[in-house]
Amino acid sequence: RVARHSPRMAVPALVYLVVNLISYPALERINASVFTAISQLKVLATAFFAVVMLGTPVSLRKWRTLTVMVLGVTLVSWQSAPAATSGNSGDAARTGVSPDYLFGVACAGVQTMLSGFGSIYFELVLKRGVDPRLDAANTSASTHEREKFSVWDRNVQLALWSTAIYLPAAWLETGGELLRGWTPLVWLIAMLHASGGVLVALSVLYSSSVTKTVAVCASLVLTTVLGNAFFGAPLDGPIALGCGVVILSVFAYRDDCEVEETLARLRADRLA
């Protein structure tokens, strides 16, 4: 039953495949700092697709907060990224106008937009169970699908399609030795990533993809601090400033949500 009704989950599986593949030509043409900075625009891309595909209201107050958060995350990522060692990337970064460099920037931008689209599509299927081409008027079908498939069912469907897509490539890459090099540490990391995927699905189900993206931005601060404590990763003034901006933006976003909920409740009471 789960497999028979899984074609909708082929879309995010294919999107994530393209997102992974398109990062290679991008990184070959631009340095890591530019790539990570462009990638942070996923916050705004996710909010944009939430408005377009889900009809989620995003006020100017939230757009302002999300933009400031992107600036903070970009500052942290830019300062933390390793210096470019590739001659091509360095030459492209110095000229800034070569077609090859612009193509790399375009690939990074497309990856960012696809990542935002994939997140919102997954939320749409998870919460409504309808294809994005169907309008919101089809409420009976969406309710039926939501009752029929749980978040666990959707994750299994996504895993089935991801396996079908990635397994042939992995087979060709390893010559059939799929588990070659899989140490206990690699197994542990794989399990952590799998658990993280389930937690992401639950966070999207009970909140939203935009809120999940905000949480990911906040996690960057924790990653930066722990990286400095355990591995000596850089934590200079600009990085600390960016972390502060991100933290303040996270709390500001929470306050924005509370303010809008209060205003909506007051409007409802007034109409009643």
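Kindly provide the set of residues from segment 125-152 that are at pLDDT 50 or above and over 21 Å from the mean Cα position of the chain (by Cα), ordered by number. The answer is LYS148, PHE149, SER150. With respect to (1) touching an Asp or Glu at 6+ places or on another chain (Cβ under 9 Å); (2) at pLDDT 90 or above; (3) farther than 26 Å from ALA240 by Cβ; (4) of a type in the set (Ser, Thr, Tyr), the lone exception for TYR121 is condition (1). What number of residues within segment 248-263 satisfy the criterion of being under 20 Å from the mean Cα position of the chain (by Cα) and touching a residue at least 60 places away in the same chain (Cβ under 8 Å)? Residues meeting the conditions: 3.
The condition of being touching a Cys at 6+ places or on another chain (Cβ under 6 Å), part of a helix (DSSP H, G or I) and either among the aliphatic types (A, V, I, L, M) or on the phi > 0 side of the Ramachandran plot (or both) holds for only one of VAL210, VAL221, VAL225, VAL214, that being VAL221.
Screening the candidates ALA93, ALA106, ALA47 for the property of being modelled with pLDDT of 90 or more, at negative phi and either buried (at least 18 other Cβ atoms within 10 Å of the Cβ) or not small (Gly, Ala, Ser) (or both) yields one hit, ALA47.
Would you confirm whether or not segment 204-213 contains a residue that is charged (D, E, K, R) and within 22 Å of ALA10 (Cα to Cα)? Within segment 204-213 (the criterion being charged (D, E, K, R) and within 22 Å of ALA10 (Cα to Cα)), the answer is yes, since at least one residue qualifies.
In this structure, is VAL225 among the β-branched types (Val, Ile, Thr), open to solvent by less than 60 Å² (accessible area, probe 1.4 Å) and out of contact with any strand residue (DSSP E or B) (no Cβ under 9 Å at 6 or more places or on another chain)? For VAL225, the condition - among the β-branched types (Val, Ile, Thr), open to solvent by less than 60 Å² (accessible area, probe 1.4 Å) and out of contact with any strand residue (DSSP E or B) (no Cβ under 9 Å at 6 or more places or on another chain) - is not met. Between LEU266, LEU199, LEU220, the distinction of being more than 18 Å from PRO57 (Cα to Cα) and open to solvent by 70 Å² or more (accessible area, probe 1.4 Å) belongs to LEU199 only.
Among the residues of segment 27-36, is there at least one that is open to solvent by 30 Å² or more (accessible area, probe 1.4 Å), modelled with pLDDT under 90, part of a helix (DSSP H, G or I) and of a type in the set (S, T, N, Q)? Taking every residue of segment 27-36 in turn, at least one turns out to be open to solvent by 30 Å² or more (accessible area, probe 1.4 Å), modelled with pLDDT under 90, part of a helix (DSSP H, G or I) and of a type in the set (S, T, N, Q).
The values are calculated or read from the model by the stated rules, or taken from the named source; none is laboratory data. Predicted model only: the values in this text are computed from it and were never measured. For neighbour counting, all protein chains shown are included, and Cβ atoms are generated from backbone atoms with ideal geometry for every residue, glycine included. What goes into the accessible areas is simple: the full protein's heavy atoms, side chains included, and nothing from ligands, DNA or RNA. Shrake-Rupley method; radii C 1.70, N 1.55, O 1.52, S 1.80 Å.
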